[in-house]
Structures are given as structure tokens and as C-alpha cells.
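Let me begin by presenting the structure, written as C-alpha cells, before commenting on it.
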Amino acid sequence: MQLRRPKITALGCYTPPGVLTNADLEKMVATNNQWILERTGIAERHIATPDIATSDLAVEAARATLAGRGIDASELDAILVCTVTPDMQFPATACLVQHRIGATRAWGFDLVAACAGFLYGLSTGAHLVAAGTHRKVLVVGADTMSRIIDYTDRSTCILFGDGAGAMLIEPAEDGEDAGFIDFLGEIDGAGGNYLKMPAGGSRLPASNETVANRLHYVKQDGQQVFKYAVKKITELCTALLERNGLKAADVSLMVPHQANRRIIEATAERLGLPIERVIINIDRYGNTTAGTIPLATRDAIAQGRLQRGDLVLFAAVGAGYTAGACLWRWAF
Ligand code: UT7
């Protein structure tokens, strides 16, 4: 076993075609376009039709990633699917994706870390490759949030959308200055009550009562999560840069989780990062949970804002609380 530096070699995304605009939401709950835009930065989000589940989104993102790299699914060593909206409690969505794409040699698992899920998957995948035991790890972030959102609750239903994205991790070439630099994660279960889906697990199994009380939907104390997100993302990014001898000025692009435009702007300001070096695409997708980081990375590449050799800083906070930040030297 020989330690290898992992790098990201391909990326693919998928969002379902249906779009839910702020004007549509105005007809469903007591809200208005101006409030949503000013408080969140969201204009519209993609919503899957009832026949589509998370594995369907994940399969499309996986196929796009493999096509981008020009490889067959049978070459994959592992598939990690980061999601809080699996098709079923079990089997794992990773197994459904593995079978559908024909990843005949892969093992894999689902990873539950909500909005920080993709970053945790990326770090886990990077370590599998770094260990020298895996050469091709596919990390998928996929969520069909519309299935667990209460469209009578205006404080949450305006925020979320459906979408998926994936990245392929492989070993860098010998001497190549590209790839994984560092990851810093932190969980804090004391914040668990501020963002959760209370029912459907072993604590509150599905019953007529849980359904009647709408407990299979996302419940959130938005202000608590907002404050924690700004504080924790700033803290983790600062510590991560510091321990790698880097400054905000060295960061070519920050790709933050897209939960609220104001969270992103506040953290960028605290980090001393000009907003031009931060990608924001929440206006078109809302918060797709594990999908936001790959979707935002794809848009940064499409806009010519992320190129080979760039130092990219990913950061996210999610339900749990889960939090993480990681640094990569972009490889393609
Ligand atoms: O990915 C991690 C997960 N989530 C997050 O990071 C989300 C973090 N939190 C947030 O993004 C924000 O807290 C929200 C967007 C959820 C809410 O924004 P806010 O600025 O914190 O608003 P608020 O909860 O303080 O509510 C302000 C007012 C309230 O009315 P009163 O009590 O002042 O009369 C709410 O009832 O806005 C009202 N309100 C709305 N009004 C129109 C709440 N939701 C809506 C709405 N439309 N959709």
C-alpha cells in the first residue's frame, strides 16, 4: 500500500426539469417574491415529478460524471451516496445506483450528514484513494427535498429544491501539483433539535398520529441555524487556511453550501473574501442539501471561474449539526 494524493477528475450534475418559482409559492402559502429574494436570494428551485426518487437523480449525475471522464461504471471501486432522502430506509441508495449504472466491481454506502454530506463524502473518498486501496471513487450528493418538505409551512417550503451532483476521485500523477490538500470537520449534536425530520425512524416510527401531526417533514428553527452556520463556516475556514499556512487572499474560489445568500455573504465578509471569488447559484436551485456543492462547482466551471491549478475552498453546515471545510488544488 502506497500513499497517493487524491484529485477530482470529473464532475456531473442533474436537476429535474420541473421548476417551482416564487410566484408559484405565493399561491401556496402566505409569502411573496420580495420576501423570499431579500431573505434568502432564491428565485426558483427544481422539483422532481412524483415518479422520480433520489436514486434517479443520483444515477443521472453519476452517468454524466463517468461520461465526462470517458470511463465505464465497471471501473469504479466505490460509490458513496450522500443523502438525507434515500429512496427507502434500506437498502442503501448507493446499492440502487451501483446496480443501475452497472458498477459491477464497486462497494459503497450511504452517508447521512445533511447539507455537509457532500463534503464528508468527498473527504471520505479522498482518504480511500490516499490510502492506495482505491483508484476510482464516485461521490454523489443527491436529495429529493420536496418529498420531506411541508408545503403548508412557509418558513421551510421556500428554501429547498431537488438536485444531484457527483465528483470522481482518482490518484494524482506523481509530482502533479493538483488534488486534495486538507479537510476539517466538526459535528455538534447539541444543535440537533434545530433542524430535523422527527418521525420515520426508530424513535418515532410512522403511525397515523405522526402523519396527522406532519412529523415526517423538515422542522427548522431558521434563526438558530443561520447564526450557527455563519459562525461555524467562518471558524472552520479560518482554522483550515491557517493550519495550511494559507490566507484568504490565496483562495481562488470559495464554493459554499447554498442555504441562504445572506449566510454566504456574511461568511465571505468575515473571511475577508471578495464576493467575486465566491460562487452563488442559490437563486436558481434553492437549497438542494447534498447537491449544492457539486451544482455550484459545475456553474463555476461553466462561468470560467474555476480552472486547473486554482485553490478551491469548499464549506458547509447542515443538520446535526454537521460542518466541514476542505481545500483542493483543482485538477481539470
Ligand atoms: O442548509 C442548512 C439548513 N438551513 C439553513 O441554513 C437556513 C438558515 N436560516 C435561514 O435561512 C433563515 O433563518 C430563514 C430564511 C429560514 C428565515 O429568515 P429570517 O430572516 O431568519 O426570518 P425569521 O425567521 O426571523 O422571520 C421573520 C419574519 C417572521 O414574521 P414576524 O414574526 O416578524 O411577524 C416570519 O413569520 O418573516 C416571517 N416569515 C415569512 N414571511 C413571508 C417567515 N417565512 C416567511 C415567508 N414569507 N416565506
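The values are calculated or read from the model by the stated rules, or taken from the named source; none is laboratory data. These figures come from a predicted structure and were not determined experimentally. For neighbour counting, all protein chains shown are included, and Cβ atoms are generated from backbone atoms with ideal geometry for every residue, glycine included. These area figures cover heavy atoms from the full protein model, side chains too; ligands, DNA and RNA do not enter into them. Shrake-Rupley method; radii C 1.70, N 1.55, O 1.52, S 1.80 Å.
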Just to confirm my filter: which strands (runs of 3 or more DSSP E) fall fully inside the stretch 97-185 and include at least 3 residues that are in contact with an Asp or Glu (Cβ under 9 Å, 6 or more places away or on another chain)? 137-144, 162-171
Yes or no: Phe226 outside the structural domain of Glu38 (by TED's automatic domain parsing), among the aromatic types (Phe, Trp, Tyr) and more than 16 Å from the ligand (Cβ to nearest atom)? no
Regarding Ala113, is this residue at pLDDT 95 or above and open to solvent by 10 Å² or more (accessible area, probe 1.4 Å)? no
Here is a list of conditions, (1) open to solvent by 50 Å² or more (accessible area, probe 1.4 Å); (2) part of a strand (DSSP E or B); (3) not aromatic (Phe, Trp, Tyr), and Gln224 meets all of them except one; can you say which number that is? (2)
Among Arg284, Arg305, the single one that is in a helix (DSSP H, G or I), away from the ligand (no atom under 16 Å from the Cβ) and crowded, with 16+ Cβ neighbours inside 10 Å is Arg284
Cβ-Cβ below 7 Å, separation at least six or inter-chain, first residue in the stretch 223-235 and in contact (Cβ under 8 Å) with a residue 60 or more places away in the chain, second of a type in the set (Phe, Trp, Tyr) and near the ligand (Cβ under 10 Å from one of its atoms): which pairs? Val225/Tyr194; Tyr228/Tyr321
What number of residues within the stretch 23-41 are closer than 19 Å to Arg147 by Cα and either of a type in the set (Asp, Glu) or open to solvent by less than 60 Å² (accessible area, probe 1.4 Å) (or both)? 3
Selection from the stretch 140-170 of residues that are among the hydroxyl-bearing types (Ser, Thr, Tyr) and either more than 10 Å from the ligand (Cβ to nearest atom) or not assigned by TED's automatic domain parsing to the domain that holds Leu66 (or both): Thr144, Ser146, Tyr151, Thr152
Can you find a residue in the stretch 28-42 that is among the aromatic types (Phe, Trp, Tyr) and within 9 Å of the ligand (Cβ to nearest atom)? yes
Boolean, Ile47 is surrounded by 17 or more Cβ atoms within 10 Å (Cβ to Cβ), within 16 Å of the ligand (Cβ to nearest atom) and in contact (Cβ under 8 Å) with a residue 24 or more places away in the chain: no
Would you check if there is a residue in the stretch 197-216 being crowded, with 16+ Cβ neighbours inside 10 Å and outside any loop (DSSP other than H, G, I, E, B)? no
Among the listed residues Ala315, Ala300, Ala319, Ala296, which satisfies the condition of being over 22 Å from Ala64 (Cβ atoms), open to solvent by less than 10 Å² (accessible area, probe 1.4 Å) and not acidic (Asp, Glu)? Ala315
Restricting attention to the stretch 70-90, which residues are buried (at least 18 other Cβ atoms within 10 Å of the Cβ) and more than 24 Å from Cys157 (Cβ to Cβ)? Ala73, Leu76, Asp77, Ala78, Ile79, Leu80, Val81
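I'm trying to understand the selection: among the residues of the stretch 229-242, which are out of contact with any strand residue (DSSP E or B) (no Cβ under 7 Å at 6 or more places or on another chain) and either open to solvent by less than 50 Å² (accessible area, probe 1.4 Å) or away from the ligand (no atom under 16 Å from the Cβ) (or both)? Even if it seems obvious, please write down each step before you answer.
Initially, the stretch 229-242 is screened for residues out of contact with any strand residue (DSSP E or B) (no Cβ under 7 Å at 6 or more places or on another chain), giving 230-231, 234-235, 238, 241-242.
Across the stretch 229-242, the qualifying residues are Val230, Thr234, Thr238, Leu241, Glu242.
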For the stretch 308-332, give me each residue that is away from the ligand (no atom under 16 Å from the Cβ), in a strand (DSSP E or B) and of a type in the set (A, V, I, L, M, F, W, C). Leu311, Val312, Leu313, Cys326, Leu327, Trp328
Report yes if Thr104 is open to solvent by 20 Å² or more (accessible area, probe 1.4 Å) and either of a type in the set (A, V, I, L, M, F, W, C) or free of Cβ contacts under 8 Å to residues at least 40 places away in the same chain (or both), otherwise no. yes
Among (1) closer than 19 Å to Cys157 by Cα; (2) within 15 Å of the ligand (Cβ to nearest atom); (3) free of Cβ contacts under 8 Å to residues at least 40 places away in the same chain, where does Tyr217 come up short? (3)
